[in-house]
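Undergrad: Can you keep this structure in mind? I'll have questions shortly.
The values are calculated or read from the model by the stated rules, or taken from the named source; none is laboratory data. If you're wondering where the values come from, they're calculated on a predicted model, not measured in any experiment. Positions of Cβ are generated from backbone atoms using ideal geometry, with glycine treated the same way; all protein chains shown enter the neighbour counts.
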Amino acid sequence: MSFRLSDFVAKLGGELVGDDLAIRQVAALETARADELGFLANPKYRKQLADSAVGAVVLAPEASELTDKPRIVVKNPYLYFAKVSALLNPPVRPDNGVHPSAIVAPDASLADDVSIGPYVTIGAGARIGSGTVIEAGCRIGAGVEIGEGGWLYPNVVIYHGCQLGQRVTIHSGVVIGADGFGNAWDGEAWFKIPQIGRVLIGNDVEIGASTTVDRGALGDTVLEDGVRLDNQIQIAHNVHIGKHTAMAGCVGVAGSTHIGAYCTFGGSAMILGHLEIVDRVNVMAGTLVGKSVLKPGTYVGQYPVQSHEDWLANASHLRRLDAMAQRLKELERRIGRQDADQGA
Amino acid sequence: MSFRLSDFVAKLGGELVGDDLAIRQVAALETARADELGFLANPKYRKQLADSAVGAVVLAPEASELTDKPRIVVKNPYLYFAKVSALLNPPVRPDNGVHPSAIVAPDASLADDVSIGPYVTIGAGARIGSGTVIEAGCRIGAGVEIGEGGWLYPNVVIYHGCQLGQRVTIHSGVVIGADGFGNAWDGEAWFKIPQIGRVLIGNDVEIGASTTVDRGALGDTVLEDGVRLDNQIQIAHNVHIGKHTAMAGCVGVAGSTHIGAYCTFGGSAMILGHLEIVDRVNVMAGTLVGKSVLKPGTYVGQYPVQSHEDWLANASHLRRLDAMAQRLKELERRIGRQDADQGA
Amino acid sequence: MSFRLSDFVAKLGGELVGDDLAIRQVAALETARADELGFLANPKYRKQLADSAVGAVVLAPEASELTDKPRIVVKNPYLYFAKVSALLNPPVRPDNGVHPSAIVAPDASLADDVSIGPYVTIGAGARIGSGTVIEAGCRIGAGVEIGEGGWLYPNVVIYHGCQLGQRVTIHSGVVIGADGFGNAWDGEAWFKIPQIGRVLIGNDVEIGASTTVDRGALGDTVLEDGVRLDNQIQIAHNVHIGKHTAMAGCVGVAGSTHIGAYCTFGGSAMILGHLEIVDRVNVMAGTLVGKSVLKPGTYVGQYPVQSHEDWLANASHLRRLDAMAQRLKELERRIGRQDADQGA
């Protein structure tokens, strides 16, 4: 597959400056070759561009004159580059059909043009929409509904009754709809609380490898349209995540927390249970959110890294901060009295 | 399935006040309908109860007069509600039998009334107890023993030689008995230390999706009776967890740590290796435990979240806390001297 | 299988002192029996050794006289003990052959002496090297290359095009080569950036259960020779990990970070994206690394654990550290002025 720069402009817009090169692939500037297209995210990388063997480049109007290579000038070079890459790298879809080793319940309903891989199991009453791919070893529980254009990579598990919208992509090792963690103490042992809710996933959601989303205890756990979850994330029962919210790897969200739309969470952030996070909140990596966040903005709680020696010297004072604050107050009182004594 | 309130009282105790309603399901107050049973955990939610269409409610004696709906009055409404839910929502067990696609070693020993799903593999000498369910794609290693009434959801892996007690529930993606992380540095590279111990799991244990419990290096890794582990937890080799201890999602426990009974761990807590945590210790979410905890109680080490601007202003001082403490001490010395000079 | 102490010395070196005992197994001192070999890592455990029923022991020259049991004296007892354990506990390899239920693409290339388990799927053009074991339920994508002497435990997934070197061990639930987390905001929704790189894994690498290593966005994600990853780790796209670096459980590394050789990372450490960590850096458990580390050494950022009461008193001041620092400065100014006034 090969495109000319003018093909991209015809499909995606932007202004072509220079020769209408044939482009075979997208690439990073450091490794790009003469038939590849790179992009300049920031004028500060101009040196990398100057040193690059890249054939052509996507860049912003203010950077257009930093090179005399063939280039496409657009307002958002990163997004444009992503769209070019999508044109050059369409997903390689397995053939339609149901592999003879797949075990599909007699009353499950599969669209004509699905692709069901080897050793898949599909439970009673499940419904799989048009164009959906379910790769080897996936387990689809009874009554599960998966919309059109979905893609489940190998060894995904969807427990009974969960629903996925259109164009939902789920990577290997993901578990959707396992029981939430609900236990009542009976005086001697934990009594398990049945988890009778479901997981409801909207359209255009992508979920990264080995992430887990638990079913609701009573109501449902909900991921709205456009949510993006990276790998190794834990979403507990009855969490609600608003549309287009994105979470980086290893985030944990405890039960019944309601997260708004257009939020972002850095890696390993941890959100406690029964909180409300409004729309357009950004939580930075490693931050534990222990109370509701009712105002949009960026929030952090990272302990700064230091050399071991410096940390030993400094961190021990954290256990005595209150005493330090009392001593400071006392000093202010004494020096205030001295000033008064001296008529200062 | 439908019960009357008096059926619950007959089975579970409590006092019925008002009409003996037929109840179809349990529900949260916000969404409950007239044939559903809710519960009031705390009198402060009385407004929600007043606004609810719920048919009947479980509540504590001191809250009994907050409503005139039919109600069951009990000391622990949450536990009672869980038990009602368990009556109304018995697990839907797959049929007994061994699916023809399951591969069972000739010398493995299966009780008559097990349910072994498609594409399961069961290794040499394994023993599966009465009533146990093993769903599709599970891998049971050689010599594994699983007691009565167990339930393994799809795609669980149990390595060779591990033992599970009675009524153990394990959710999808869990890996029990993989090698612990043992490496000795030989001057040029890591030399792998064989992990020859096992994982021993007691009775009435539940383990959440994608949790991993490593086999011991020499001795065994042990989870005692009644332990409850949520999702995405990592239990390293030779850890010992006492009975009825519960851990929320994403907790990590490093090697050879001994944790007592009746402990609780909040999400993402991290416990370092070779420590001792006594019985009845509660570790809050996100807390790193770096030394042994020899006294029962609640322990925390959470860095508070702030707006990004506030964090930038405050967190930098953490790198200079020791200097601040020295300056404070010096000020106290100087002001003490001044007071002395003035005969104060 | 049984060895005498002199067999170990013949193969592995060291000096035998005392009787040439027959040894059946290695064991911890606490549980060891008369036909087992223990080791003394540190003279401070001499009491344990004195109380032990162990038959013989490996120890360092300076500890040789702490016991009169038969013993092997070597400079590095821990490494020696590991090597003895490897002799006594060779892995139990499944038989060679391709299980009839394995589905292998016609153009995949398998060495003669591989062991391919039940229900494995191997994609088009994949190549599996001599002696490699692939256990039940593994998914090997198209074009994947796995070198000689590899071992994939059950239910591992390797996406298309990834490469593993010689003697690579991968535990259950691991996912190699899933899409990295790349999304460009288009003003209304996230646009997925195709992830067209691969994962390249060197020789003698071991990866623990449920760890995920994402494929590169443009270039490749790389684990060099001898890397050791524990369980539940997340390695994002385009990360590069230098040779013999080891990471404990639950570590996360964000995209495009370059980590040097001979580094170690404690459990739950989190490394942000686009950073450089040089060779021989040790990051302690629970530490968030938010900037590049350009000097070898040990780095920490752990918030100390306290009792709940103490934490409540102390942690609140973290939100006012900057104000405390200003007040301290002001006090220094005032007391300086007073000293000046008094001609001190």
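Undergrad: Those residues that are charged (D, E, K, R) and either exposed (fewer than 13 other Cβ atoms within 10 Å of the Cβ) or not assigned by TED's automatic domain parsing to the domain that holds A:Glu65 (or both), I need them from the stretch A:5-18; list them, please.
TA: A:Lys11, A:Glu15
Undergrad: Any idea which of (1) surrounded by fewer than 15 Cβ atoms within 10 Å (Cβ to Cβ); (2) over 30 Å from the mean Cα position of the chain (by Cα); (3) modelled with pLDDT under 95 is the one C:Leu66 doesn't satisfy?
TA: If we test C:Leu66 against (1) surrounded by fewer than 15 Cβ atoms within 10 Å (Cβ to Cβ); (2) over 30 Å from the mean Cα position of the chain (by Cα); (3) modelled with pLDDT under 95, just (1) comes out false.
Undergrad: Taking the stretch A:285-344 on its own, how many of its residues are aliphatic (A, V, I, L, M), in contact with a His (Cβ under 8 Å, 6 or more places away or on another chain) and assigned to a helix (DSSP H, G or I)?
TA: Within the stretch A:285-344, residues that are aliphatic (A, V, I, L, M), in contact with a His (Cβ under 8 Å, 6 or more places away or on another chain) and assigned to a helix (DSSP H, G or I) number 3.
Yes/no per residue for (1) within 12 Å of another protein chain (Cβ to nearest Cβ); (2) touching a strand residue (DSSP E or B) at 6+ places or on another chain (Cβ under 6 Å); (3) of a type in the set (S, T, N, Q):
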residue	(1), (2), (3)
B:Ala22	no, yes, no
B:Ala27	yes, yes, no
B:Ala32	yes, yes, no
B:Arg46	no, no, no
B:Asn89	yes, no, yes
B:Ile103	yes, yes, no
B:Ala108	no, yes, no
B:Ser115	no, yes, yes
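Undergrad: Right, here's the next one. Quick one: which of C:Asp204, C:Asp220, C:Asp225, C:Asp230 is more than 15 Å from the chain's Cα centre (by Cα), of a type in the set (Asp, Glu) and either at pLDDT 95 or above or within 23 Å of A:Asn155 (Cβ to Cβ) (or both)?
TA: Result: C:Asp220 is the single residue among C:Asp204, C:Asp220, C:Asp225, C:Asp230 that is more than 15 Å from the chain's Cα centre (by Cα), of a type in the set (Asp, Glu) and either at pLDDT 95 or above or within 23 Å of A:Asn155 (Cβ to Cβ) (or both).
Undergrad: Name the residues in the stretch A:210-245 that are assigned to a loop (DSSP other than H, G, I, E, B), under 20 Å from B:Gln232 (Cβ atoms) and out of contact with any Phe, Trp or Tyr (no Cβ under 8 Å at 6 or more places or on another chain), would you?
TA: First pass over the stretch A:210-245, keeping only residues assigned to a loop (DSSP other than H, G, I, E, B): A:210-211, A:214-220, A:224-227, A:230-233, A:236-239, A:242-245.
Subsequent filtering for residues that are under 20 Å from B:Gln232 (Cβ atoms) retains A:210-211, A:214-217, A:227, A:230-233, A:236-239, A:245.
Result: A:Ser210, A:Thr211, A:Gly216, A:Ala217, A:Val227, A:Gln232, A:Ile233, A:Asn238, A:Val239.
Undergrad: Does B:Tyr80 count as out of contact with any Lys or Arg (no Cβ under 7 Å at 6 or more places or on another chain), part of a helix (DSSP H, G or I) and touching a residue at least 60 places away in the same chain (Cβ under 8 Å)?
TA: yes
Undergrad: Would you mention how many residues in the stretch A:203-245 are more than 9 Å from chain C (Cβ to nearest Cβ), farther than 13 Å from A:Ser256 by Cα and charged (D, E, K, R)?
TA: 1
Undergrad: Here's another thing I want to ask about it. Within the stretch B:281-294, is there a residue that is in contact with an Asp or Glu (Cβ under 6 Å, 6 or more places away or on another chain) and either under 16 Å from A:Leu288 (Cα atoms) or touching a residue at least 24 places away in the same chain (Cβ under 8 Å) (or both)?
TA: No, the stretch B:281-294 contains no residue that is in contact with an Asp or Glu (Cβ under 6 Å, 6 or more places away or on another chain) and either under 16 Å from A:Leu288 (Cα atoms) or touching a residue at least 24 places away in the same chain (Cβ under 8 Å) (or both).
Undergrad: Moving to a separate point now. Is it the case that B:Gly55 is without any contact (Cβ under 8 Å) to a residue 60 or more places away in the chain, closer than 29 Å to A:Thr221 by Cα and not polar (S, T, N, Q)? Spell out how you get there, then give the answer.
TA: Details: without any contact (Cβ under 8 Å) to a residue 60 or more places away in the chain: yes; closer than 29 Å to A:Thr221 by Cα: yes; not polar (S, T, N, Q): yes.
Considered against the rule, which asks whether it is without any contact (Cβ under 8 Å) to a residue 60 or more places away in the chain, closer than 29 Å to A:Thr221 by Cα and not polar (S, T, N, Q), B:Gly55 comes out as yes.
Undergrad: Restricting the search to the stretch A:13-45, which residues are part of a loop (DSSP other than H, G, I, E, B) and touching a helix residue (DSSP H, G or I) at 6+ places or on another chain (Cβ under 7 Å)?
TA: Residues satisfying the conditions are A:Gly14, A:Asp20, A:Leu21, A:Leu29, A:Glu30, A:Leu40, A:Ala41.
Undergrad: Could you list, in sequence order, the residues of the stretch C:217-236 that are of a type outside the set (D, E, K, R) and under 21 Å from C:Ser172 (Cα atoms)?
TA: C:Thr221, C:Val222, C:Leu223, C:Gly226, C:Val227, C:Leu229, C:Asn231, C:Gln232, C:Ile233, C:Gln234, C:Ile235, C:Ala236
Undergrad: On to the next question. Are any residues in the stretch B:83-132 part of a loop (DSSP other than H, G, I, E, B) and charged (D, E, K, R), and if so, which ones?
TA: B:Arg93, B:Asp95, B:Asp107, B:Asp112, B:Asp113
Undergrad: So if I check each of A:Ser256, A:Ser292, which one is more than 7 Å from every other protein chain (Cβ to nearest Cβ) and at negative phi?
TA: Going through A:Ser256, A:Ser292 in turn, the sole match is A:Ser292.
Undergrad: Are any residues in the stretch B:57-80 under 12 Å from A:Ile193 (Cβ atoms) and more than 8 Å from chain A (Cβ to nearest Cβ), and if so, which ones? So that I can check it myself, show each step before the final result.
TA: In the first step, residues of the stretch B:57-80 are kept if they are under 12 Å from A:Ile193 (Cβ atoms); the result is B:78-80.
B:Tyr80, the sole residue that qualifies.
Undergrad: Quick check, is C:Ala50 outside any strand (DSSP E or B) and surrounded by 13 or more Cβ atoms within 10 Å (Cβ to Cβ)?
TA: Here the answer is no, as C:Ala50 does not meet what is asked.
Undergrad: Mind checking whether some residue in the stretch A:183-202 is surrounded by fewer than 24 Cβ atoms within 10 Å (Cβ to Cβ) and within 13 Å of chain C (Cβ to nearest Cβ)?
TA: Yes, some residue in the stretch A:183-202 is surrounded by fewer than 24 Cβ atoms within 10 Å (Cβ to Cβ) and within 13 Å of chain C (Cβ to nearest Cβ).
Undergrad: Those residues that are closer than 27 Å to B:Glu30 by Cα and crowded, with 24+ Cβ neighbours inside 10 Å, I need them from the stretch A:245-258; list them, please.
TA: Hits for the stretch A:245-258 are A:Thr245, A:Gly252, A:Val253, A:Ala254.
Undergrad: Right, here's the next one. Got a number for residues in the stretch B:30-50 being of a type outside the set (A, V, I, L, M, F, W, C) and at pLDDT 95 or above?
TA: Residues in the stretch B:30-50 being of a type outside the set (A, V, I, L, M, F, W, C) and at pLDDT 95 or above: 4 in total.
Undergrad: Are any residues in the stretch A:133-150 surrounded by fewer than 24 Cβ atoms within 10 Å (Cβ to Cβ) and not in a loop (DSSP other than H, G, I, E, B), and if so, which ones?
TA: Those that are surrounded by fewer than 24 Cβ atoms within 10 Å (Cβ to Cβ) and not in a loop (DSSP other than H, G, I, E, B): A:Val133, A:Glu145.
Undergrad: What pairs can you find where one residue is in the stretch B:147-175 and within 14 Å of chain A (Cβ to nearest Cβ) and closer than 18 Å to A:Trp190 by Cα, the other is in a loop (DSSP other than H, G, I, E, B) and modelled with pLDDT under 95, and their Cβ atoms are less than 9 Å apart, with a gap of 6+ or different chains?
TA: Cβ pairs passing all conditions: B:Trp151/B:Pro91; B:Trp151/B:Arg93.
Undergrad: Filter the stretch B:295-328 down to the residues that are facing chain A (nearest Cβ under 8 Å) and under 22 Å from the mean Cα position of the chain (by Cα) and list them by number.
TA: Matches in the stretch B:295-328: B:Gln302 only.
Undergrad: Here's a check for you: in the stretch B:212-226, which residue that is more than 28 Å from C:Leu37 (Cα to Cα) and of a type outside the set (D, E, K, R) is surrounded by the most Cβ atoms within 10 Å (Cβ to Cβ)? Spell out the reasoning first.
TA: Here is the first cut: in the stretch B:212-226, the ones more than 28 Å from C:Leu37 (Cα to Cα) are B:212, B:224-226.
Then drop every residue that is not of a type outside the set (D, E, K, R), which leaves B:212, B:226.
Numbers: B:Thr212: 30, B:Gly226: 22.
Taking the candidates together, the pick is B:Thr212.
Undergrad: To continue, here is another question. For A:Ala261, are the conditions met, namely being closer than 28 Å to A:Thr132 by Cα, more than 11 Å from chain B (Cβ to nearest Cβ) and surrounded by fewer than 21 Cβ atoms within 10 Å (Cβ to Cβ)?
TA: yes
Undergrad: A follow-up question, please. With the requirement that a residue be away from chain C (no Cβ under 14 Å) and within 23 Å of the chain's Cα centre (by Cα), what does the stretch B:128-146 give you?
TA: To start, the set of residues in the stretch B:128-146 that are away from chain C (no Cβ under 14 Å) comprises B:128-133, B:145-146.
Matches in the stretch B:128-146: B:Thr132, B:Val133, B:Glu145, B:Ile146.
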